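The values are calculated or read from the model by the stated rules, or taken from the named source; none is laboratory data. Small disclaimer: the values here were computed from a predicted structure and weren't measured. Don't worry about glycine lacking a Cβ; one is built from the backbone with ideal geometry, like all the others, and counts go over all protein chains shown.
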């Protein structure tokens, strides 16, 4: 129950920590335009998260069936929400949104923390708030990995977990390893992008 509740708000936790971290770590000795360009990566990530979860809900509603008990199909209840509200059981193909969000969030956080590796080595007078955000992001990444392991063991069928995880990894790959290396994109975080961008 705790896992479901915490994961339900996982995107909010990500944004709460990543918004100030990306702004501060990307504006250090750079112009503000670059920092705002990098913040656009969160807009892209939010659009991906929202689109994928809506598609998952749509697929479950289209493919699913409402049961009064395990034998009797309830006609007229064409969505999971209506079925559950009526007190019945919904059986559908539920791509694991938890596996998607937890894998995608962890990869996103790890990518965005790259500038700290340079800042720790070269800038001793960093804001304490930036260091605190870095520690919090590491902690939340560890929590996401732990929750991913719990989800993998206790929830969903193997194919549902595989599809959710695959879409999370694919979303990360298409943005950070492909699109963000091109011009007309939010770009990669600094110090990673210095070597890879525009290749």
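A few remarks follow.
- Search result, residues across segment 163-181 that are in contact (Cβ under 8 Å) with a residue 24 or more places away in the chain and closer than 18 Å to residue 95 by Cα: 163, 164, 165, 167, 168, 169, 171, 172
- Residue check, residue 190 more than 17 Å from the chain's Cα centre (by Cα), in a helix (DSSP H, G or I), surrounded by 11 or more Cβ atoms within 10 Å (Cβ to Cβ) and modelled with pLDDT under 85: no
- Of the criteria (1) within 27 Å of the chain's Cα centre (by Cα); (2) surrounded by 16 or more Cβ atoms within 10 Å (Cβ to Cβ); (3) not in a loop (DSSP other than H, G, I, E, B), which one residue 36 fails: (2)
- Residue check for residue 127: crowded, with 19+ Cβ neighbours inside 10 Å and in contact (Cβ under 8 Å) with a residue 60 or more places away in the chain: no
- Considering segment 72-177, the qualifying helices (runs of 4 or more DSSP H), each wholly inside and each with 2 or more residues that are touching a helix residue (DSSP H, G or I) at 6+ places or on another chain (Cβ under 6 Å), run over 97-112, 114-122, 128-154, 158-176.
- Selected residue (criterion: farthest from residue 172 (Cα to Cα)) from residues of segment 15-33 that are free of Cβ contacts under 8 Å to residues at least 12 places away in the same chain and surrounded by 14 or more Cβ atoms within 10 Å (Cβ to Cβ): 27
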